[in-house]
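The values are calculated or read from the model by the stated rules, or taken from the named source; none is laboratory data. Note that the coordinates shown come from a computational prediction; the quantities given were computed from them, not determined experimentally. Methodologically, a virtual Cβ is constructed for each residue, glycine included, from the backbone with ideal geometry; neighbour enumeration extends over all protein chains shown.
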Amino acid sequence: MSFLLTCPNCGPRDVSEFRYGGQILSSETSGSNLPGPQRERWFHRLGCRRWLAAERDVRSNEVLRTCWLEQEAP
Amino acid sequence: MNDPALPPAVLTHPDQALSFTFEGRPIPAVQGQSIAAALYAAGVRIFTRSFKYHRPRGLLCVSGDCANCLMQVDGRPNVRSCTEPAAEGQVVAHQNAWPSLDFDALQLFDRLDRFLPVGFYYKRFHRPRWLWPLFEHTVRHIAGLGRVDAQAVPTLDVVVEHLNASVCVIGGGPAGMAAAMEAAQAGADVILIEQQSRLGGHLLYAETDESTEARRLPDQLAEQSRVRVLLRATAFGLYEGNLVAAFRTDRLLKLRARQVIVCTGARQRPFLFPNNDLPGIFLADGVLRLARLYGVRAGRRAVVLTDHDGGSQLAEQLGALGIEVAAVVDTRAGLDSGGKHDPWPTWHSSMVIAARGSRQLKKVQVARLDPAGRVEPHSEQEVACDLLCMASRPVPANELLLQGGMRFQSDGATWRPARSVAGLWAAGGAAGTVGLEAQVREGRTCGARAAAAVGCQLSEPAPELPETPVPTVREDQAPPRVSRRKTFVCFCEDVTVKDLGQAIAEGFDGIETLKRYTTVNMGPCQGKMCGQTAVEICARATGREIDAVGTTTSRPPVVPVELGTLAADRRHQPVRRTPLHHWHQEHGARWLDAGLWKRPESYGDPADEVRAVRSAVGLIDVSTLGKMEVVGPDAAELLDRVYLNRWADLKPGRARYAALCNEEGILFDDGVGARLGPDRFYLTATTGNADAVWQWLELWKATWRLNATIVNHTSGWSAMNLAGPRARDVLARRTQIDVSAAAFPYMALREGDVAGVPCRVLRIGFVGELGYEIHCPSALAWHLWEALREAGGECGLRPFGVEAQRILRLEKGHLIVGQDTDALSNPLDAGLEWLVRFDKPTFMGREPLLRLQARGSRMRLVGFELGAQVSAPATMEGCQVVEGKVTVGRVTSARHCPTLGKIHGLAWIPAGRAAVGQRFFVRWRGSDVPAIVAALPFYDPDGKRLKG
């Protein structure tokens, strides 16, 4: 795993700077561990030390968008 | 030493002589020369013994690709001696041979090959089953390469270097140099990675009559400021997001590039004929590299074996190096070239059908083959030679490209990129392109297009990638039908043509299963020598096209990397020290690692320290505790939702034991929380979880969008715990805070000055005595510590360490999260059910805990008293609780408790046997030690000492 995540504060950074915080599952999400984009929580451990939300395609590790976790719909 | 008859060797400095030892014998060399080159010049011909049959092996590729030259250098195993520079005083030794390379007792296996067929270890050693351990031990002892010296101290201090570039070019040959030059001229910043100590690639050793322009590129690049050239750097992996992993001697490089151009060239491979592994049989480029890079002639009289146009060119080059060419053997049918005036014969439609010699090549047997691959009658002849140069068609070195997601297609002659990948380019030999002009042109094109992709303005539009001419191949020639025994495909793992045929016949006919079964491709060279050959054999045997067979998956590392290099990231861990570190050090602290922290385990005798706390007063540095302040209108709401206990009803100036679970109801951490004001709380977390708890609070604060701020004071504040019956006396001497029992009760917090330092004082008692946990700004911690020590001198105050604290808390029956609990422990089973406030509408872990409560406990964390005396009871920690032969639980803490004169501990045992007075057994050092469940706490059950 060596993709980049764009931190809203710090810009594009190596994934190793972040800690994975699990999938964001809402009531509409049919389930976890499905191929395709999923919403996730990431913590910028070696940067601004804030939580963000990211949408990542788990098939390609392409990060489609990021925002602060507060801004993400629960 | 350099051969004076040769042209100057480009990587060496002949005026700088040096010497190293090989098997105790001094070997002269010159600066820049490789170890193997110097050994070859000194007459060494056998460099290794093969993996399975212990056959003698000599130099083959002289490029660091194959495993024929692996040696032990200064204790480092498996060093590729053909490229490793010789250094003064080096100690070089052979590996995988006994007693010596020239005479290896295990060469016996070479005659036993009939009994060691492919997959023999899967077939032979199953029955009788009891013999397997013996077989395994023997096989492991015999097989394998170098030995790791467990005592050796790493001499290299490897560090990680992170690099960034718009364009990264891997490979400094003609295509790579051209690509770097073009991209830089277009305005991109470029990093060029080259394995050798000089740029040039094959131009350094191969004569070409084309493109003198390419030979000027190294000098032009030196003047191009936008190109950073990293020499002696080896790229070993290409990961997603264009992350290039590479190493230099003492550096692990992690290079992130927006565009990557791979120009890793192409390589030759061995031909197939019996004994094709004899020392003296080289890849043709290996002979040229040995001579032109390192100044050593590989032999006197050579036979050239080729399957393409490069053969006659090579013969001319050998002539220039003073190597007599006995014959050129061309596997292709005669392309009537006419009017040749070469001084050597060229035999078409011919093949070497055997190599002769015991430890070294003496002669080769050559024969004409008919179109079906059969040896034509009376066409065999023997040619005396000490060198056979195998000039095969180049195979693209495209491993990194495959890792990057590029796919290749075979056109019968070579592999060409079939699917492009954004941000990844292939140029030169790695893309299957032959001919210097075409390679340079392709490099320039890729360089320009990569620069354009990062936003550089090109003066003229980048040209399309050129169509390159496919080399003339005549595929009508069937492979020779010669003996398949001792005809090696894979030199690393001793896999023969016969082995592959047999494996395919057994049904392993896909290239991936063939690889796993025969271990072809799986040796140190990772298929660089054998990959293409195995694919072709598989295709022919199964009647499929090469494309349909495909190639095995390429994975990092492309070249062997030392584990120490890969571990460079982990070698430099930060250390955290409390503000009192120097004091502990000066007072004889024995250190304990607690996460990144260093904590004093004790200052000598933990039992003495325990007695001091129980009878007088002790002082411990607890600055490593997590310390957080949660402030804001929603602070109580946040804590109520995250923690198990209730916060909303906590009064200012009061404190509470607090614990929290994760979403699954697993105990995550514990600590103490106090209310400073209506919207302000102060909490502690355990040393190991300080940051995790802070992140956890931040996470839920953001998720629930609560109005609170969490300030992490872990480093900014220090803390020390003053505990013991005389703690109040000591504290009273240094503070104006009213510390009387009535004014400052148990579980209260007071803010005020202690020894002139603004402090928060919590009256809590982890160790089970009257105690004050005093928090202060870190900068003033030393002053406070000394003031309390001074004040406590008459009261018998003693500093104590973590070990004494562990004993004290065990006497009191307090659990330690992480020691007495693990990733399966919930608070109900751990005896914290009194803490869990199910009457709160919601908190983290409420639902799973409700389910657990309904189900009832299966395991319980209980206190026990040992029914027997054992030495070193701490070694019982982690031991199993057994019933007969069945494991039913485990011990998590055990210590001799000096206050109680007994050995006590905590253990997880089945809930049905957790009643006080029940017996259970602990399997300890081979015997079952009886233990009795005892009521908690063991010490001061009424808490009179604590609350008094």
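Given the condition basic (K, R), over 23 Å from B:W782 (Cα atoms) and touching a residue at least 40 places away in the same chain (Cβ under 8 Å), answer yes or no: does some residue in region B:651-666 qualify? Lay out the reasoning, then the answer.
Here is the first cut: in region B:651-666, the ones basic (K, R) are B:651, B:654, B:656.
Adding the requirement that they be over 23 Å from B:W782 (Cα atoms) leaves B:651, B:654, B:656.
Still in the list and also touching a residue at least 40 places away in the same chain (Cβ under 8 Å): B:654, B:656.
Yes, that holds for at least one residue.
Considering region B:379-405 alone, what residues qualify as being hydrophobic (A, V, I, L, M, F, W, C) and in contact with a helix residue (DSSP H, G or I) (Cβ under 9 Å, 6 or more places away or on another chain)? Steps first, answer last, please.
Restricting attention to region B:379-405, the residues satisfying the condition of being hydrophobic (A, V, I, L, M, F, W, C) are B:383-385, B:387-391, B:395, B:397, B:400-402.
Those that are hydrophobic (A, V, I, L, M, F, W, C) and in contact with a helix residue (DSSP H, G or I) (Cβ under 9 Å, 6 or more places away or on another chain): B:L387, B:C389, B:M390, B:A391, B:V395, B:A397, B:L400, B:L401.
Which of the residues belonging to region A:25-49 are closer than 30 Å to B:N712 by Cα, touching a residue at least 24 places away in the same chain (Cβ under 8 Å) and in contact with a strand residue (DSSP E or B) (Cβ under 7 Å, 6 or more places away or on another chain)?
A:R39, A:R41, A:W42, A:F43, A:H44, A:R45, A:G47, A:C48
Say we look at region B:693-718 and pick out the residues that are in a helix (DSSP H, G or I) and in contact (Cβ under 8 Å) with a residue 24 or more places away in the chain; which of these is nearest to B:P758 (Cα to Cα)?
Step one: list which residues in region B:693-718 are in a helix (DSSP H, G or I), which gives B:693-704.
Restricting the remaining residues to those that are in contact (Cβ under 8 Å) with a residue 24 or more places away in the chain gives B:693-694, B:696-697, B:700-701, B:704.
Values: B:V693: 26, B:W694: 24, B:W696: 29, B:L697: 27, B:W700: 32, B:K701: 30, B:W704: 35 Å.
Of everything passing the filter in region B:693-718, B:W694 is nearest to B:P758 (Cα to Cα).
Given the criteria over 11 Å from the mean Cα position of the chain (by Cα), within 12 Å of chain B (Cβ to nearest Cβ) and assigned to a helix (DSSP H, G or I), does A:S16 qualify?
On the way: over 11 Å from the mean Cα position of the chain (by Cα): yes; within 12 Å of chain B (Cβ to nearest Cβ): yes; assigned to a helix (DSSP H, G or I): yes.
Yes.
Within region B:203-241, work out how many residues are within 22 Å of B:Q526 (Cα to Cα) and buried (at least 19 other Cβ atoms within 10 Å of the Cβ).
Step one: filter region B:203-241 for residues within 22 Å of B:Q526 (Cα to Cα), giving B:232-240.
Filter again for buried (at least 19 other Cβ atoms within 10 Å of the Cβ), leaving B:233-238.
Counting residues in region B:203-241 that are within 22 Å of B:Q526 (Cα to Cα) and buried (at least 19 other Cβ atoms within 10 Å of the Cβ) gives 6.
Counting just the residues of region B:894-936 that are without any contact (Cβ under 8 Å) to a residue 24 or more places away in the chain and loosely packed, with under 14 Cβ neighbours inside 10 Å, which one comes out nearest to B:Q805 (Cα to Cα)?
B:G901
So B:E865 passes all but one of these: (1) in contact with a strand residue (DSSP E or B) (Cβ under 6 Å, 6 or more places away or on another chain); (2) part of a loop (DSSP other than H, G, I, E, B). Which condition number does it fail?
The number of the failed condition is (2).
Only one residue in B:S871, B:S857, B:S893 is out of contact with any strand residue (DSSP E or B) (no Cβ under 6 Å at 6 or more places or on another chain), closer than 20 Å to B:A935 by Cα and either assigned to a strand (DSSP E or B) or not aliphatic (A, V, I, L, M) (or both), so which one is that? First the steps, then the outcome.
On the way: B:S871 fails: closer than 20 Å to B:A935 by Cα; B:S893 fails: out of contact with any strand residue (DSSP E or B) (no Cβ under 6 Å at 6 or more places or on another chain).
Just one listed residue meets the conditions, B:S857.
Write out, first by first residue and then by second, each pair whose Cβ atoms fall under 6 Å of each other, whose residues are 6+ apart or on separate chains, and whose first residue, in region B:261-286, is crowded, with 23+ Cβ neighbours inside 10 Å while the second is of a type in the set (D, E) and part of a helix (DSSP H, G or I).
The qualifying pairs are B:Q268/B:D285.
Quick check, is A:E72 crowded, with 16+ Cβ neighbours inside 10 Å, out of contact with any Pro (no Cβ under 7 Å at 6 or more places or on another chain) and at the interface with chain B (Cβ under 9 Å from one of its Cβ atoms)? Full working, then the answer.
Values: crowded, with 16+ Cβ neighbours inside 10 Å: yes; out of contact with any Pro (no Cβ under 7 Å at 6 or more places or on another chain): yes; at the interface with chain B (Cβ under 9 Å from one of its Cβ atoms): yes.
Considered against the rule, which asks whether it is crowded, with 16+ Cβ neighbours inside 10 Å, out of contact with any Pro (no Cβ under 7 Å at 6 or more places or on another chain) and at the interface with chain B (Cβ under 9 Å from one of its Cβ atoms), A:E72 comes out as yes.
Do we find that A:F3 is within 12 Å of chain B (Cβ to nearest Cβ) and at pLDDT 95 or above in this structure? Walk me through how you get there before you give the answer.
Details: within 12 Å of chain B (Cβ to nearest Cβ): yes; at pLDDT 95 or above: no.
Answer is no for this residue.
Over 30 Å from the mean Cα position of the chain (by Cα) and surrounded by fewer than 20 Cβ atoms within 10 Å (Cβ to Cβ): does that describe B:A17?
yes
In region B:721-737, is there at least one residue being closer than 16 Å to B:A685 by Cα and of a type outside the set (S, T, Y)? Explain how you work it out, then say what you get.
The initial filter retains those residues of region B:721-737 that are closer than 16 Å to B:A685 by Cα, namely B:721.
With the extra rule that they be of a type outside the set (S, T, Y), the set shrinks to B:721.
Yes: region B:721-737 contains one or more residues that are closer than 16 Å to B:A685 by Cα and of a type outside the set (S, T, Y).
Is at least one residue of region B:113-123 crowded, with 20+ Cβ neighbours inside 10 Å and farther than 23 Å from B:L231 by Cβ? I'd like the intermediate steps shown before the answer.
Going through region B:113-123, the residues crowded, with 20+ Cβ neighbours inside 10 Å turn out to be B:118.
From what's left, farther than 23 Å from B:L231 by Cβ: B:118.
Within region B:113-123, one or more residues are crowded, with 20+ Cβ neighbours inside 10 Å and farther than 23 Å from B:L231 by Cβ.
Can you work out which of the residues in region A:50-68 that are facing chain B (nearest Cβ under 8 Å), modelled with pLDDT of 95 or more and touching an Asp or Glu at 6+ places or on another chain (Cβ under 9 Å) is farthest from B:W704 (Cα to Cα)?
Start the filter on region A:50-68 by keeping residues that are facing chain B (nearest Cβ under 8 Å), which leaves A:50-51, A:61, A:68.
Applying the additional criterion that residues be modelled with pLDDT of 95 or more yields A:50-51, A:68.
Filter once more, keeping what is touching an Asp or Glu at 6+ places or on another chain (Cβ under 9 Å): A:50-51.
Working: A:R50: 15, A:W51: 13 Å.
Restricting to residues being facing chain B (nearest Cβ under 8 Å), modelled with pLDDT of 95 or more and touching an Asp or Glu at 6+ places or on another chain (Cβ under 9 Å), the top hit is A:R50.
Got a sec? Which helices (runs of 4 or more DSSP H) wholly within region B:527-638 have at least 1 residues that are without any contact (Cβ under 8 Å) to a residue 24 or more places away in the chain, more than 17 Å from B:S778 (Cβ to Cβ) and of a type in the set (K, R)? Steps first, please.
Details: elements: B:531-542, B:546-549, B:563-566, B:568-571, B:581-586, B:606-615.
Passing ranges, in order: B:568-571.
If B:A86 passes every condition in (1) surrounded by 23 or more Cβ atoms within 10 Å (Cβ to Cβ); (2) within 25 Å of B:D386 (Cα to Cα) but one, which one does it miss?
(2)
What is the residue count in region B:484-540 for residues that are touching a Lys or Arg at 6+ places or on another chain (Cβ under 7 Å) and more than 26 Å from B:V62 (Cβ to Cβ)?
Residues that pass the stated criteria total 4.
Can you tell me which residue within region B:645-682, out of those that are hydrophobic (A, V, I, L, M, F, W, C) and not in a strand (DSSP E or B), is nearest to B:N826 (Cα to Cα)? Lay out the reasoning, then the answer.
Step one: filter region B:645-682 for residues hydrophobic (A, V, I, L, M, F, W, C), giving B:647-648, B:650, B:655, B:658-661, B:666-668, B:672, B:674, B:676, B:681.
Then drop every residue that is not not in a strand (DSSP E or B), which leaves B:647-648, B:650, B:666.
Numbers: B:W647: 21, B:A648: 24, B:L650: 24, B:I666: 5 Å.
The selected residue is B:I666.
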